[in-house]
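Below is one structure, written out as structure tokens; comments come after it.
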Amino acid sequence: MYSEIVMDHFTNPRNVGEISDADAVGQVGNPKCGDIMKMYFKIQDNIIVDVKFKTFGCGSAIASSSMATEMVKGKTVEEALELSNYEVAKELDGLPPAKMHCSLLAEQAIKSAIFDYAKKNNLYYKELEGFDPDAEEDHHSHDEE
Amino acid sequence: MKVYLDYSATTPVKPEVFNAMTPYLRDYYGNPSSLHSYGRENKKAIDTARDQIAQTLKAKPEEIFFTGGGSEADNWAIKGTAEALKNKGRHIITTSIEHHAVLHTCQHLEKQGYEVTYLPVNEEGIISVEELKSHLREDTILITIMYANNEIGTIQPIQEIAAIAKEHKVLFHTDAVQAYGHLEINTQDLPVDMISISAHKLYGPKGVGALYIRKGTRIHNLIHGGAQERKKRAGTENIAGIVGFGKAAELAYGQLTEHVNHLTELRDYLLEGIQQKIPYTRLNGHRQKRLPNNVNVSFEFIEGESMLLSLDMVGIAASSGSACTSGSLDPSHVLLSLGLSHEMAHGSLRLTLGDQNTKEEIDYVLEQLPPIVQRLRDMSPLYENLKEGAR
Amino acid sequence: MKVYLDYSATTPVKPEVFNAMTPYLRDYYGNPSSLHSYGRENKKAIDTARDQIAQTLKAKPEEIFFTGGGSEADNWAIKGTAEALKNKGRHIITTSIEHHAVLHTCQHLEKQGYEVTYLPVNEEGIISVEELKSHLREDTILITIMYANNEIGTIQPIQEIAAIAKEHKVLFHTDAVQAYGHLEINTQDLPVDMISISAHKLYGPKGVGALYIRKGTRIHNLIHGGAQERKKRAGTENIAGIVGFGKAAELAYGQLTEHVNHLTELRDYLLEGIQQKIPYTRLNGHRQKRLPNNVNVSFEFIEGESMLLSLDMVGIAASSGSACTSGSLDPSHVLLSLGLSHEMAHGSLRLTLGDQNTKEEIDYVLEQLPPIVQRLRDMSPLYENLKEGAR
Ligand SMILES: Cc1ncc(COP(=O)(O)O)c(C=O)c1O
Ligand SMILES: Cc1ncc(COP(=O)(O)O)c(C=O)c1O
Ligand code: FES
Ligand code: FES
């Protein structure tokens, strides 16, 4: 069901943990849906120098968090904001259609963390316009026929 | 080590069952409805299987009707009687923890103008017979309540339910797909009108089941057509499947006591081991009134699919009531009916035992499971909150 | 000598099919809905079978839904669409020569408030497309007409029927249980919405079939419950059966031309032999527009069951449209629809050929059959009348 890369990131997730003095913290998801993702960033000179995550969720949610943290590490904040869940899924060598939303969660966790960073530092990012970190949107929309 | 602990999902076919089936796939192929000698052997084989199953239920052979599985039996029992009795009334009573084959059928009937009462269960998964009584109405035509639950193994007070149904002259159907092969079901003592059973839950083949219909019960057909199954269920018979079902039933009930004792012992050993080794664990279902092969626990702070994947990687096959395993939005309706929070329902693990399991296998599970739970908890933001005292 | 000439009733399972099935009865037992590795192999096997069948119909795999046989597929197609479209209309068109799985389903719907037109057939068993057109109404929701008949082998003008249905935006279902494995059915060229097929008519196992449902067709479930078959047909899958069906379909369509040529040659040899050797014989059905394996003749003055018994005694397995074989009062509705008298319908003999038949076997039949017919005629008062010139 899952690719080898997904299984690798599920089994040996990169960047699990917390950053106690994080510059940005974001959490998305809802325990009701069975998934919560929390991300911590350390940001220096607009560069994400360290990332950690914690996830309550399925295999694909854990693998997506792991991959997404790898992908944003060393990037500028703007570059991180451009990361889409499709890119995460692609790097994971694909996800089953019913599991695409788990990667969306990763994209949103990143946005949510940067939203926190922007708020704390009074910064403005065009990509975050209309972004609501507490939105109870139905990312969990499995494809129903 | 490979350990299969998903026997409630499906069982392997026993070698004796497989051997009984093969001649009917390979050598005898005539249509049992035919007049010539090719058909005769097959007709006899179906009669034998019908006898074998009738005996396990202390029923008459002519009360056993073969179907394409447990789901078809459930659909038939419910739609067939609802339709036959629609001029008498349109009210049906069931429970909130039925298998989807019953639940979705009832929901479908609601769209057709029937009214359905879904009885709640207590936190151990058992209905209240008082509550059942209080919902009986003039126009109640059917009570359908499962014998034992497939997720949490809870056994309902079937004898009392049947007595109430009989007293009020309401038809009573029970989905015994999980109970059959684990519990004695005696239709002489139990005034039940219909019973659904399925072969692949007791070491028989997949895709064959049966509906017991007590003589005299009014029921319409679900599958119309040829005169098979005394004109009640059309379609050329799945002879090999039926033969395998008969054999599996005979074997299961021939050694029921040993089988149940073996399972109960392993189950208790497994459950107690888990409870000792893993904190923040909840047993789902009733401690005593449960199937001898069912363990269902929720581990706080973690999610089912990731647990199943981790277990699979060390060779352990299990299942979970988490939505993320099923591709649907909500976690198990059964666990939610017990009053579990969504998180706890998501963190459930079902381990169901079978004939082939050994104590060594259980030891292996008790060795592998705790670090898996711990690893996932260490990754979980919910567990973090706990540690920070945010609870 | 033993000669099986009842392939339209059912076929033996081919050795390749049996071999393909056994691992799924013996080795792989996981539930395909499960997440763990035990289920995975079975999920793949079902996918493969779905592809195999889709290819034979030039359909998309997601348009194939497995069922417990041809009868279930027929019931589902008709009830499922009738229910889904009941607010659009309640008129259904079918023919008077359908299999009971269609006919009894339609009759059942009549009791539920639907109106059904049963198109007559001409004396060769073919409907008139003009007549079909004339019965189309505003509230016609479904046309269900069989591809080829099981008793007389007649093939309907399916292409024209489908075109009419499409033009009038009415759903079109065809029962192709007998046609499948004998005729090319191409869903790219043929605008049909649903097709019923069954494995045991083309050297696959009994108790498994499929319904082709064109993408976008509105249809309710017949069997509600779990999420199997993309939520359209609940029940743990008959995996071994499905694997066997896929293999059988692949084999049948891989060698279709040879198969059909072989059958056609034998059929014509048998039919011409009978007509030469036995006077007062009538061919039932159309001489050309018929299945390559079907011979159906009526012998005046005699009754089917006694013929079948006599044939069985010399090792020949066949069938008849006589009421006396079916345990019902009336002889075959198909033969009566052709305009046959009751006597002629009673005297019918169906010989249906298959892969394994040889010219030697046909010679044997042509040697055995005439004296049997003669013996029974000599016993018949009707024949006596003839000899006395009472006709
Ligand atoms: C034309 C036709 N339709 C439907 C069926 C029913 O198929 P099954 O026996 O697989 O239910 C048959 C065969 O019995 C048939 O010949
Ligand atoms: C309680 C219960 N009812 C019905 C069913 C359906 O049986 P089947 O899979 O044979 O259709 C199952 C198993 O899946 C079950 O556990
Ligand atoms: S987190 Fe729910 S399916 Fe992935
Ligand atoms: S004559 Fe005996 S059944 Fe018809």
Is it fair to say B:Lys88 is away from every other protein chain (no Cβ under 14 Å), under 24 Å from B:Gly225 (Cα atoms) and surrounded by fewer than 19 Cβ atoms within 10 Å (Cβ to Cβ)? no
Which of the residues belonging to the stretch B:24-38 are more than 29 Å from the chain's Cα centre (by Cα) and more than 8 Å from chain C (Cβ to nearest Cβ)? B:Asp27, B:Tyr28, B:Pro32
I need a count of the residues in the stretch B:341-364 that are surrounded by fewer than 24 Cβ atoms within 10 Å (Cβ to Cβ) and at pLDDT 95 or above. 9
Do we have any residue at all in the stretch C:96-114 that's of a type outside the set (S, T, N, Q), within 30 Å of B:Lys111 (Cα to Cα) and outside any helix (DSSP H, G or I)? yes
Matching entry among B:Asp51, B:Asp74 (being of a type in the set (Asp, Glu), at pLDDT 95 or above and crowded, with 24+ Cβ neighbours inside 10 Å): B:Asp74
If I filter the stretch C:191-227 down to residues being over 22 Å from the mean Cα position of the chain (by Cα) and among the hydrophobic types (A, V, I, L, M, F, W, C), which single residue comes out as farthest from C:Gly89 (Cα to Cα)? C:Ala227
Looking only at the stretch C:48-74, count how many residues are away from ligand 2 (no atom under 16 Å from the Cβ), among the acidic types (Asp, Glu) and within 12 Å of another protein chain (Cβ to nearest Cβ). 3
Quick check on this structure: which one of B:Ser322, B:Ser332 is within 16 Å of ligand 2 (Cβ to nearest atom), within 14 Å of chain A (Cβ to nearest Cβ) and closer than 21 Å to C:Ser34 by Cα? B:Ser332
Would you check if C:Ile164 is among the β-branched types (Val, Ile, Thr), touching a residue at least 60 places away in the same chain (Cβ under 8 Å), surrounded by fewer than 24 Cβ atoms within 10 Å (Cβ to Cβ) and outside any strand (DSSP E or B)? no
Identify, please: which residue in the stretch B:144-182 is within 14 Å of chain C (Cβ to nearest Cβ) and not acidic (Asp, Glu) and is, among those, nearest to ligand 1 (Cβ to nearest atom)? B:Val177
Give the residue, chosen from A:Leu105, A:Leu81, that is more than 13 Å from chain B (Cβ to nearest Cβ) and either crowded, with 20+ Cβ neighbours inside 10 Å or touching a His at 6+ places or on another chain (Cβ under 7 Å) (or both). A:Leu81
For the stretch A:17-31, which residues satisfy the criterion of being surrounded by 18 or more Cβ atoms within 10 Å (Cβ to Cβ) and on the phi > 0 side of the Ramachandran plot? A:Gly29
Name the residue that is nearest to the other protein chains (Cβ to nearest Cβ), counting only residues in the stretch C:94-122 that are more than 22 Å from C:Lys289 (Cα to Cα) and touching a residue at least 60 places away in the same chain (Cβ under 8 Å). C:Ala101
Given the structure, is B:Gly226 surrounded by 24 or more Cβ atoms within 10 Å (Cβ to Cβ) and closer than 29 Å to B:Ala20 by Cβ? no
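Yes/no per residue for (1) touching a helix residue (DSSP H, G or I) at 6+ places or on another chain (Cβ under 7 Å); (2) of a type in the set (Gly, Ala, Ser); (3) within 19 Å of A:Asp21 (Cα to Cα); (4) in a strand (DSSP E or B):
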residue	(1), (2), (3), (4)
A:Phe41	yes, no, yes, yes
A:Val51	yes, no, yes, yes
A:Ala61	yes, yes, no, no
A:Ala68	yes, yes, no, no
A:Glu78	no, no, no, no
Does C:Gly304 satisfy the condition of being within 16 Å of ligand 1 (Cβ to nearest atom) and either within 19 Å of C:Ile97 (Cβ to Cβ) or of a type in the set (A, V, I, L, M, F, W, C) (or both)? no
Which residue, of B:Glu265, B:Glu250, B:Glu272, is closer than 29 Å to B:Ile155 by Cβ, in the same structural domain as B:Tyr203 (by TED's automatic domain parsing) and more than 16 Å from ligand 1 (Cβ to nearest atom)? B:Glu250
Name the residues in the stretch A:32-51 that are surrounded by 20 or more Cβ atoms within 10 Å (Cβ to Cβ) and within 12 Å of chain B (Cβ to nearest Cβ), would you? A:Cys33, A:Gly34, A:Asp35, A:Ile36, A:Met37, A:Lys38, A:Met39, A:Tyr40
Looking at the stretch C:280-313, which of its residues are within 14 Å of another protein chain (Cβ to nearest Cβ) and without any contact (Cβ under 8 Å) to a residue 60 or more places away in the chain? C:Gly304, C:Glu305, C:Leu308, C:Leu309, C:Asp312, C:Met313
Considering only the stretch B:169-287, give the helices (runs of 4 or more DSSP H) lying wholly within it that have at least 2 residues that are β-branched (Val, Ile, Thr). B:239-254, B:256-277
Residues satisfying the stated conditions in the stretch C:123-146, i.e. touching a residue at least 60 places away in the same chain (Cβ under 8 Å) and in contact with a Gly (Cβ under 8 Å, 6 or more places away or on another chain): C:Glu123, C:Glu124, C:Gly125, C:Ile141
Residue list for the stretch B:167-189, restricted to those being touching a Ser or Thr at 6+ places or on another chain (Cβ under 9 Å) and surrounded by 20 or more Cβ atoms within 10 Å (Cβ to Cβ): B:Val170, B:Leu171, B:Phe172, B:His173, B:Thr174, B:Asp175, B:Ala176, B:Val177, B:Gln178, B:Tyr180, B:Gly181, B:Ile185
Could you tell me which numbered condition A:Lys90 fails, if it satisfies all but one of (1) within 19 Å of A:Asp23 (Cβ to Cβ); (2) at pLDDT 95 or above; (3) of a type outside the set (Asp, Glu)? (1)
The number of residues in the stretch C:13-50 that are farther than 27 Å from B:Asp27 by Cα and touching a residue at least 12 places away in the same chain (Cβ under 8 Å) is 6
Which one of the conditions (1) away from ligand 3 (no atom under 13 Å from the Cβ); (2) closer than 24 Å to A:Cys33 by Cα does A:Thr76 fail to meet, given that it meets all the rest? (2)
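The values are calculated or read from the model by the stated rules, or taken from the named source; none is laboratory data. Treat the numbers as computed from the prediction; the structure is a model and nothing was measured. Every residue, glycine as well, gets a Cβ built from its backbone with ideal geometry; the counts of neighbours run over all protein chains shown.
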